[in-house]
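Read-outs: derived from the displayed coordinates by stated rules, not from any lab. Fair warning: this is a prediction, and the values are worked out from it, not measured in the lab. Here the Cβ positions follow ideal geometry from the backbone for every residue, glycine too, while neighbour counts run over all protein chains shown.
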Amino acid sequence: MDRNEHVAPTPDSGRVLVAGSTGYVGRRLVPELVAAGWQVRCMARRPEELDSERWRDSVEVVGGDVMDPASLADAFEGVTAAYYLIHSIGVGDDWRERDRRAAANFAQAAAVSGTRQIVYLGGLGDEQAGELSPHLESRHEVGRELAGSGVPVTEL
């Protein structure tokens with residue numbers, strides 16, 4: 001298959017990575033993916049935060065930090081699709097730059113591993129209108145960083 005040809009992954013085509021599985025959306029998405037038949041790998045900076053989840057024994061949990069590119073290789077091994085549910089808002093003055101760097105690290109790891117699809121939960125708003133909050137502007141910037149890797153991105 002040509003690298004630029006897009007084929008949507010299905011549950012029987014491999015493993016899905018969920019980055020941000022300890023967050024509000026991630027904790028709700030993971031059991032839905034398991035129920036749909038996906039092999040789910042959850043990536044978290046602090047994997048122990050998932051130990052109390054009812055679905056913990058149905059998934060693989062790995063440590064990884066999007067700010068540490070070296071920690072991402074193992075998380076992406078054998079991954080067909082990856083969910084990016086991470087943001088840094090409210091953490092220091094340079095949160096927007098950290099968001100961009102984190103997305104670039106994630107996208108690069110996805111590209112190197114051969115991941116076929118990234119799914120990103122972005123933010124609403126019309127950039128052309130010029131009235132986005134810094135948070136929403138950052139969400140759009142992260143979407144562009146992810147798309148810059150060459151891996152197809154579905155932005156919700």
Most to least packed among 43-49, 61-67 [average Cβ atoms within 10 Å]: 61-67, 43-49
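Summing +1 for each Lys or Arg and -1 for each Asp or Glu, what net charge is found among the other residues whose Cβ lies under 11 Å from the Cβ of residue 33?
+2
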Would you grab the residues whose amide H sits under 5 Å from the one on residue 148? Only those 5+ places off in sequence or on another chain, please, with H modelled 1.01 Å from N. none
Amide H within-cut-off set for residue 83, under 5 Å, with H built and near neighbours excluded: 17, 18, 19, 119
Note, ³J(HN,Hα) from phi for segment 99-110, Karplus 6.51, -1.76, 1.60, rounded to Hz, x at Gly and Pro: 4, 5, 5, 4, 5, 5, 4, 5, 4, 5, 5, 5
Points 7 angstrom from Cα along the Cβ direction at residue 156 and residue 131: gap in nanometres? 2.7
Give a residue-ordered list of calculated ³J(HN,Hα) values for segment 15-26 (Karplus: 6.51 cos²θ - 1.76 cosθ + 1.60, θ = phi - 60°; whole Hz; x for Gly, Pro). 9, 10, 9, 10, 9, x, 5, 8, x, 4, 5, x
Residue-wise HN-Hα coupling along segment 145-152, computed from phi with Karplus coefficients 6.51, -1.76, 1.60 (Hz; x: Gly, Pro): 4, 4, 5, x, 7, x, 7, x
Amide H contacts under 5 Å for residue 153, restricted to residues at least 5 apart in sequence or on another chain and with H modeled in the peptide plane, are 118
